[in-house]
Each structure stands twice: as C-alpha cells, then as structure tokens.
Amino acid sequence: MYYKKLKDKTVKCLICPRNCVIENGERGFCKSRENKKGKLFSLVYAAPCSVNVDPIEKKPLFHFLPGTKAFSIGTTGCNLRCKFCQNWQISQAMPEDIPFIELSPEKVVEEAIDNGCKSIAYTYTEPAVFFEYVLDIAKFARKKGIKNIIVSNGFVNQEPLKELCKYIDAANIDLKSFSDEFYKRITKGWLKPVLESLKTIKKQGVWLEVTNMIIPKLNDDMDMIKRMCLWIKEQLGEETPLHFSRFHPDYLLRDSPPTEKNVLLKAVEIAREEGLKYVYIGNILTEDGEKTKCAKCGKVVVDRGMFSLVENKLKDGKCGCGEEIEGVWE
C-alpha cells in the first residue's frame with residue numbers, strides 16, 4: 001500500500017516522510033520494503049520477530065485500560081536510526097537475519113483473546129514499516145472487540161496515518177526531542193512530521209500519550225523541554241499525559257551516562273508549571289513518578305509500581321471528589 005510506480009520499474013514509497021525512491025531489486029531505508037519488478041512488497045507481513053503479553057502500563061499507557069494486558073508484536077525494521085535505540089537488535093536488522101513467527105492477522109487476534117488481552121499493541125520497532133500488517137490485524141481485532149494500540153516514533157505520512165487512525169484506539173508517540181537539529185543528527189529523521197502526526201492523532205479522536213526520553217547533554221536542555229511542554233499543552237491539550245523516560249546507555253551511545261533522577265524531576269516540575277495535568281517518570285523508580293493524581297484535590301487515583309497497576313480508585317473515570325480524570329478507563 002501507499003507507493004507510486006515510476007519509470008523503469010522504479011517505485012516511490014509513500015508510507016513515511018522519506019518517500020524513498022527504490023529501484024528494482026532494492027529496499028527502502030527501513031529495510032523492510034522491497035521493489036520486486038516495479039511492485040513494492042512488505043518483507044515482514046505476518047512475520048513478527050517479537051511477540052509478548054505485556055501489561056498496558058509498559059507501553060507506557062497510563063490512562064488507557066489500566067491493569068489490563070496487551071498482546072504485543074513487532075517486526076524487524078525502522079525508518080529512523082536513533083543512536084540510543086533500546087531495541088536496535090531488531091529495529092536495525094534485515095528481516096532475513098532475525099528469526100520470526102508466522103502469525104496471520106486472524107491468528108494474532110485469536111492469540112490475544114486466548115491470552116486474556118484487552119488490546120493488541122504494535123510496538124518494539126516502528127509500526128509504520130509493517131503498516132499493512134497492522135491495518136489488517138486492527139480491522140479484524142475491532143470486529144472482535146479488541147482494542148488497538150500503536151507505540152510509534154510518529155515519523156509517518158499523513159494519508160496512511162489517517163487511514164490507520166480509523167482503527168487505532170490509543171497511541172504513545174515518542175517525541176524524541178523538540179530540536180530538529182537533534183532529530184537530524186541523532187535519529188537521521190526530522191521533527192516537523194512528528195509534530196504533525198501528534199496533532200493528527202489527537203484530531204482523529206485516538207487516545208494519545210507522549211513519551212520523551214531525556215538523554216544527558218543531547219536533549220536535556222530545560223528551556224527546550226519547557227518549549228516542548230508548552231507546545232503539547234497548546235496543540236494537544238493539557239490533559240495529554242507526558243512520560244519522561246530515563247536513558248540508559250545502549251547501541252551507539254554506550255559511553256553516555258544514564259539520566260540522573262534530579263534531571264527527570266526537574267523536567268516534571270517544568271511540565272506541571274506549564275500546565276500539563278498528568279506527567280510521569282519511567283525507567284527509574286521514584287516515589288510518585290508513576291502515580292496518577294487528581295488535578296483538583298491532589299489525591300492518588302491510580303497507583304502503579306514499575307509499570308504495573310497497584311490500585312485503581314477511579315469510579316466511572318472520576319476521582320472521589322467528583323473531578324473527571326481524562327482517559328479510557330473501561
């Protein structure tokens with residue numbers, strides 16, 4: 001789906017902003033889409049290399065069906081080259097180099113139901129590179145009453161994104177920085193399409209949460225974080241949950257130190273000062289980093305610990321004081 005035939009059996013992929021022009025026999029930047037005699041094929045359809053049953057809190061989604069399980073799948077390939085990738089072993093791999101499991105869309109939904117999962121999460125790598133697989137699963141899942149979730153970098157073109165949003169119930173988008181220079185240097189992508197994706201997902205009525213991993217000396221400038229938080233409030237709404245995630249050395253940034261707790265706490269303070277109602281800390285244990293508090297009375301309404309539910313005190317999506325807590329709770 002979403003490609004254009006050019007001259008001499010060359011094609012142009014239209015899934016993501018790279019718009020790769022691919023000659024016959026070659027692959028796109030993501031390594032997962034190949035031109036075969038003038039037709040663009042997915043090399044990862046029905047071939048996930050990572051399949052797990054995860055708590056929804058691990059996605060992370062904190063305002064979407066807390067305490068439930070998500071049947072989580074991912075294939076090889078990605079349309080970014082993040083130097084800090086936590087799943088680089090599969091995101092940067094060729095499909096033929098990684099063992100996979102044959103799972104048809106129908107079988108994915110069947111496995112989700114059999115494992116007591118309320119949702120299917122397209123995650124681990126970038127769902128845009130296995131777009132057709134995601135779409136077919138999501139359509140079938142919806143018929144069976146199973147919710148669909150994308151955990152994505154947001155680096156996708158508007159037309160396929162809008163098509164996907166018809167069947168997606170929740171999304172966590174990784175806003176890696178509010179700096180275009182960071183995107184170009186550290187991820188080999190660029191910022192603007194990600195911001196457009198965030199706005200589109202919100203406008204399409206998909207429940208949206210945002211993650212920002214803070215990396216020492218690369219995207220930890222507090223003025224930039226302040227501008228990012230203000231943009232989120234103005235463009236996505238004060239109710240949009242923001243997760244600040246701790247970096248740990250990996251892939252091409254193994255010599256960088258992990259994020260210090262005080263940096264994450266400062267980022268949370270700034271986000272709340274800018275008017276965001278729900279701000280969290282991930283990948284490190286803190287006293288309140290994973291707790292959802294009522295914006296009116298300040299009481300803890302959803303308690304969590306290391307990406308698992310401890311207690312949900314909400315009744316019909318409301319705090320005991322009567323304040324509505326935005327989210328999808330059942």
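All of the numbers you see were taken from the coordinates with simple rules; none came from a lab. Only a predicted model underlies this, so the values are computations on that prediction, with no experimental measurement involved. Ideal geometry is used to build each Cβ from the backbone, glycine not excepted, and the neighbour counts take in all protein chains shown.
Some points to look at:
- Rounded to 10°, Cα long-axis angle of helix 192-203 versus longest principal axis of the chain: 60
- Highest average first, the peptides 15-25, 297-307 ordered by how many other beta carbon atoms sit within 10 Å of their residues are 15-25, 297-307.
- Annotation: average projected area of the chain is 16.1 square nanometres, based on the convex hull of Cα atoms across all directions.
- For the range 3-42, a/c is not less than 1.5, where a ≥ b ≥ c are the root eigenvalues of the C-alpha gyration tensor, and a/b does not top b/c. That puts it in the oblate class.
- Per residue, the convex hull spanned by the alpha carbons of the range 259-330 comes to 93 Å³.
- What the phi angles of the range 56-64 give under the Karplus curve with 6.51, -1.76 and 1.60, with θ = phi - 60°, is a coupling list of 4, 5, 7, 5, x, 10, 9, 10, 9 Hz, glycine and proline written as x.
- Whole-Å distance, taken between Cα centres, linking the range 103-163 and the range 190-253: 22
- Summary of packing: across the peptides 104-113, 125-134, 193-202, 214-223, the per-residue average of other C-beta atoms within 10 Å ranks them, highest first, as 125-134, 193-202, 104-113, 214-223.
- Segment K192-R142, extension gain: residue separation times 0.36 nm, minus the distance between their alpha carbons: 14.9 nm
- Exceedance of the 23 Å cut-off in Cα-Cα distance is limited, within the set K147/K184; K58/K176; K36/K147, to K147/K184; K36/K147.
- HN-Hα J in Hz across the range 147-163 - Karplus 6.51, -1.76, 1.60, θ = phi - 60°, x for Gly and Pro: 6, 10, 10, 10, 10, 9, 7, x, 8, 9, 6, 5, 5, x, 5, 5, 5
- Gyration tensor (alpha-carbon) shape descriptor, the range 10-159, a/c threshold 1.5: prolate
- Links that overshoot a 26 Å alpha carbon limit, given the list K192/K293; K59/K192; K143/K192; K69/K266; K31/K188; K226/K277: K192/K293; K143/K192; K69/K266
- Folded to 0 to 90 degrees: helix 261-273 orientation relative to the chain principal axis, Cα: 80
- Share antiparallel - DSSP beta bridges, the chain, percent rounded to 5: 45
- Ranked by the mean number of other Cβ atoms within 10 Å per residue, highest first, peptides 272-278, 244-250 order as 244-250, 272-278.
- Karplus-derived 3J(HN,Hα), 6.51/-1.76/1.60, for each residue of the range 213-225, Hz, glycine and proline x: 7, 9, 10, x, 6, 10, 9, 9, 5, 5, 5, 5, 5
- Two numbers describe the Cα atoms of the range 125-254: Rg and Dmax, which are 15.2, 47 Å.
- Simple spin-label estimate for I101 and E330 in nanometres, 7 Å along Cα-Cβ: 3.1
- Cross-link partners of K5 among aspartates and glutamates (Cα-Cα below 15 Å; sequence separation of 8 or more within a chain): E23, E26, E34
- For the range 198-317, the fraction of C-alpha pairs farther apart than 23 angstrom is 34 percent.
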